[in-house]
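Let me begin by presenting the structure, written as structure tokens, before commenting on it.
The values are calculated or read from the model by the stated rules, or taken from the named source; none is laboratory data. The structure presented is a predicted model; accordingly, all values stated were derived computationally and were not measured. So basically every Cβ, Gly included, is an ideal-geometry build from the backbone, and we count neighbours across all protein chains shown.
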């Protein structure tokens, strides 16, 4: 009995939730329809208050131009717009043959309400046929209604979305005297004479209602500013069938859960195995990196010793122009490149400790730019700068200059490669230094084509090389140097035609 009792309780609770949903939906759609009609009333009211509109004197040239400009071929009112006298006579309309009902307008309830209250009114143009809704606004002069503006709407095309199928809720709209306005082609169950008597109680008490021998769950709401009734209906049999399928689905779910325990255990076991393998791989890479660090230190020391001798010899050479000038310049350029390599290897092998001091980023970036401009590749790459001054950070100037130098150097070398291979005839590097909130932001952007997509996951790994130049230590050293500063970060972004590296450092807090 327990599953059956639970099923009955679930069905009752679900029906209660559905009725709340239908009530909310009916209220929202009625409010939306009322707001739509209110906007239309406001549009008519705007012109009705125009001082030059005097319908009691007929329509003169200026008044005709005013009406034509405001409502001529308007898309707001599908049935048209008319200027009517206080006695219900047409003075002007667009279109000229705009229908105004089979009987006199003065017999319409909305017309009488408007004349009595001197306020805008909404109702059917004609209860006996046509299905048009009239939005009427009085023209008041000296506390007397001297005329009115009437806009007509075709209910089937403007007020509510059409009913699309049997699986959707049915929405019905009734006029103030209970006449069905929507749907335009109603099903047989909505064609009964006492339809309004069945549906109006749903305003105060949403629930079940029988129409045409079928039971429905429904809710209703009055459209604000009108006497129209909006009703939302759901097929009770269809909803109960859905609930039954839901109940059977729950039983199937419980059964599947029992069988899924073994699958979950298997998945967890596989994940644990993969985690173990990843930890072993991480340990192996750490051991490899430690060995590489030791080897890098030995290689860097040997290279540095040889470079010291080379630079001492070069300093003794006095280039006198002619044939010796170019070779000496080439030797010095290559010596500088090897020097940068040796410093990178030494920094990777034994990272420096940070020294915190006040640094102006503008000067540090200038130092890095000065060193990069001496590179042979810089001759083929345009370096554009926009550096904001007076931005101070708390950090290690040596590490920061090294990080900035590596970023700009990588961008220049990438541009030179793109130029040499014909991929970019005009390589360019843009260096910007600016403030964003409480951070100093350095942007280094190039147009050298960007990092190959397959290489992006390894972009920050040591000794991972994505181009023909370099040994793959520049970007890892940049990340290490920037992260050594509290709140510092560096990121890569692919931009159209190239790459952008963004460095963020917190501004130094100045003592007040």
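Could we say that residue 50 is without any contact (Cβ under 8 Å) to a residue 24 or more places away in the chain and outside any helix (DSSP H, G or I) here? Considered against the rule, which asks whether it is without any contact (Cβ under 8 Å) to a residue 24 or more places away in the chain and outside any helix (DSSP H, G or I), residue 50 comes out as yes. Checking each residue in the range 141-194 for being in contact with a strand residue (DSSP E or B) (Cβ under 8 Å, 6 or more places away or on another chain), at pLDDT below 75, surrounded by fewer than 20 Cβ atoms within 10 Å (Cβ to Cβ) and not in a loop (DSSP other than H, G, I, E, B) picks out 154, 156. Within the range 95-116, the set of residues being touching a strand residue (DSSP E or B) at 6+ places or on another chain (Cβ under 6 Å), surrounded by 13 or more Cβ atoms within 10 Å (Cβ to Cβ) and under 20 Å from residue 59 (Cβ atoms) comprises 98 only.
Residue pairs whose Cβ atoms lie under 6 Å apart, separated by 6 or more positions or on different chains, with the first residue in the range 123-140 and crowded, with 24+ Cβ neighbours inside 10 Å and the second at pLDDT below 65, are 133/155. Annotation: residue 116 fulfils all but one of (1) under 22 Å from residue 37 (Cβ atoms); (2) at pLDDT below 85; the unmet one is (2).
When the range 213-246 is filtered for residues that are over 37 Å from the mean Cα position of the chain (by Cα) and closer than 26 Å to residue 124 by Cα, the ones remaining, listed by number, are 226, 227, 228, 229. Would you confirm whether or not the range 243-260 contains a residue that is out of contact with any helix residue (DSSP H, G or I) (no Cβ under 9 Å at 6 or more places or on another chain), at pLDDT 80 or above and either part of a strand (DSSP E or B) or farther than 22 Å from residue 178 by Cα (or both)? Checking the range 243-260: at least one residue is out of contact with any helix residue (DSSP H, G or I) (no Cβ under 9 Å at 6 or more places or on another chain), at pLDDT 80 or above and either part of a strand (DSSP E or B) or farther than 22 Å from residue 178 by Cα (or both). Here residue 110 fulfils each of the conditions (1) under 26 Å from residue 224 (Cβ atoms); (2) part of a loop (DSSP other than H, G, I, E, B) apart from (2). Return yes when residue 42 is surrounded by fewer than 17 Cβ atoms within 10 Å (Cβ to Cβ), over 24 Å from residue 132 (Cβ atoms) and either more than 33 Å from the chain's Cα centre (by Cα) or modelled with pLDDT of 85 or more (or both) and no when it is not. Spelling it out, it is not the case that residue 42 is surrounded by fewer than 17 Cβ atoms within 10 Å (Cβ to Cβ), over 24 Å from residue 132 (Cβ atoms) and either more than 33 Å from the chain's Cα centre (by Cα) or modelled with pLDDT of 85 or more (or both). Hand me the list of strands (runs of 3 or more DSSP E) wholly inside the range 356-424 holding 3 or more residues that are in contact (Cβ under 8 Å) with a residue 24 or more places away in the chain and loosely packed, with under 15 Cβ neighbours inside 10 Å. Correct list: 382-387.
Listed by first and then second residue, the pairs with beta-carbon distance under 8 Å, at least 6 apart or on different chains, first residue in the range 166-177 and within 17 Å of residue 195 (Cβ to Cβ), second loosely packed, with under 12 Cβ neighbours inside 10 Å and modelled with pLDDT under 80, are 171/161. Among the residues of this structure, residue 90 does not count as one that is over 23 Å from residue 36 (Cα atoms) and surrounded by fewer than 13 Cβ atoms within 10 Å (Cβ to Cβ).
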